[in-house]
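The structure appears below as C-alpha cells.
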Amino acid sequence: MRLPKSPGWTIEIMMHRVRRAAAIVALFLSAAAPGKAEDIPIPHSSPSDGQPPSASLSRYADLVPVATNTTPAGNLAYPAVGDTTPAPSTASTGEGMALHPAPPGAGRDRPALWNSVNTSRKVVALTYDDGPHAKLTPQLLDILKRENVRATFFVLGSLVEAYPQIVQRMAAEGHEVANHTWDHPRLPSLSAEKLDRQIRETTAIIEKNTGQKVTIMRPTYGLYNERVKNDLLEKYRLDMILWSVDPNDWKKPGANTVARRLIEGAHPGAILLAHDIHPGTIQATPKAIAGLKAKGYEFVTVSELLAMDEAPTPTPTPTPAEVAKKNASGGASD
Ligand code: NI
C-alpha cells in the first residue's frame, strides 16, 4: 500500500517503527534475562507507587507493552506497540451528540481498543487512575467542580469498597466512573477465572454505588495480551481505554511539568492520562485545565469522546502512476 507523503504521516510511521523495534528488543531481552523485573516498562503507577512485582520477567513474555508516547497522535487512533490488529473499529457519531452518560454502544457497533478518538473537534478526556484516594480525590473533585470540568475515573474495586462515598460523589457531580480492576494485577498473568473476578466484581461495585452502567475499562499498566483483549472486548463487552498523552505524573516531575506536558500534548480527541493518588497531579490539574481552556479545548468524559469518533478518512486509492512505480520498485516494504 502506498502512503501519502505528508510529514505527519512520515513521522507517525517512523515513530511506530521505532516503538515496534523497541518492543521486540524488550521482549528478546526479557526472554534472555529472566529475573530482571525492574526492567519491565511501567507506563504508570500502581497503588504501590509503580513498583513492579518481583516475579520473573519470563512470566510476562506474552505481555503487549503499550505505546507510551507523549507525542500527540493527531487524529489517528493507532494500536499499541506489538498489537497487530488494525486501528480501533470506527463508527459514525450518529444523530445528535450523546450527553453524559453515553448509552452503552452509542454510535458504535462493538467495543474496541482506543488510544484516542478521531475527531476534528477540540475536545479531550481527562482521566485519573488508581483511586479513589481518601484525601486527594475529594480535593480533585473540588477543583473539577470549581472549573466545571467533568473527568473519567478509572477506579480500583477494592478502593470503591473502602471509600464508597467518594465514588458516589463522582457520579453525582457528572464524572464517569470506570473499571481499573479490583486490586491492580497484571492482567496477562491472570487465569481466566481470576480475570473474571477482577472485572465483574469491580464493575458490580461501581454500578452499585454510581447507578451508572460501566462500559469502559483501562488495563493496568496498559498491559494486555490477545487472550485478555479478546475477553475484555468480546466476553465483557468493555471498551479498552489507553491514552495518547502521558505526562508521567507518577515519576513526580513537579506540578508545573505535569501541567505543561498535558497542555502541550493535547490534540483533538486526546485521552489524557493522570493519577489522583499523587499530590503533584492534583496541584497540576488547575494549571492544566486553564492551559487547555486557553487553547480552546472542551472537556468530555471518555464515553462521550468515543461517541464523537468519526469515520476515518478512507485510504486513498493509488493512482495508476503510483501503482506502476511500486511495481517497478518491487513493491513496498510495509
Ligand atoms: Ni493503574
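Just so it is clear, none of the values below were taken in a lab; they were calculated from the coordinates. On a predicted model such as this, the values are computed, not experimentally measured, just so you know. As a convention, Cβ positions derive from the backbone with ideal geometry for all residues, glycine included, and neighbour counts pool all protein chains shown.
One table, with the values for the structure above:
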item	result
Phi to ³J(HN,Hα) by Karplus 6.51 cos²θ - 1.76 cosθ + 1.60 over the range 110-127, Hz, x for Gly, Pro	7, x, 8, 9, 10, 9, 6, 10, 7, 8, 8, 6, 7, 10, 9, 10, 8, 10
Phi-based couplings in Hz for the range 271-278 (Karplus 6.51, -1.76, 1.60; Gly and Pro marked x)	10, 9, 9, 8, 9, 8, 10, 10
Shape parameters for the range 111-179, alpha-carbon atoms, Rg then Dmax in Å	13.0, 40
Per-residue Cβ neighbour rank within 10 angstrom, fewest leading, V167, V123	V123, V167
Among F299, W250, G265 the positive-end extreme of the charge dipole of the range 213-306 (Cβ point charges)	W250
At 1.002 mPa s and 20 °C, Stokes diffusion of the range 255-298 via Kirkwood alpha-carbon radius, µm² per second	206
Cβ-based exposure ranking for M308, M170, in which fewest neighbours within 10 Å come first	M308, M170
Cβ-defined net charge surrounding H180, 11 Å radius [Lys, Arg +1; Asp, Glu -1]	-2
Long-range amide H partners of F153 with built H, under 5 Å	Y128, E176, V177, A178
In the range 120-227, GluC sites (Glu not before Pro) in a DSSP loop with at most 11 other beta-carbon atoms within 10 Å	none
For the range 300-306, 3J(HN,Hα) per residue [Karplus equation, 6.51 cos²θ - 1.76 cosθ + 1.60, θ = phi - 60°, Hz, x = Gly/Pro]	10, 6, 4, 4, 5, 4, 4
Span per principal axis, largest first, for the Cα atoms of the range 137-177 (Å)	29, 16, 13
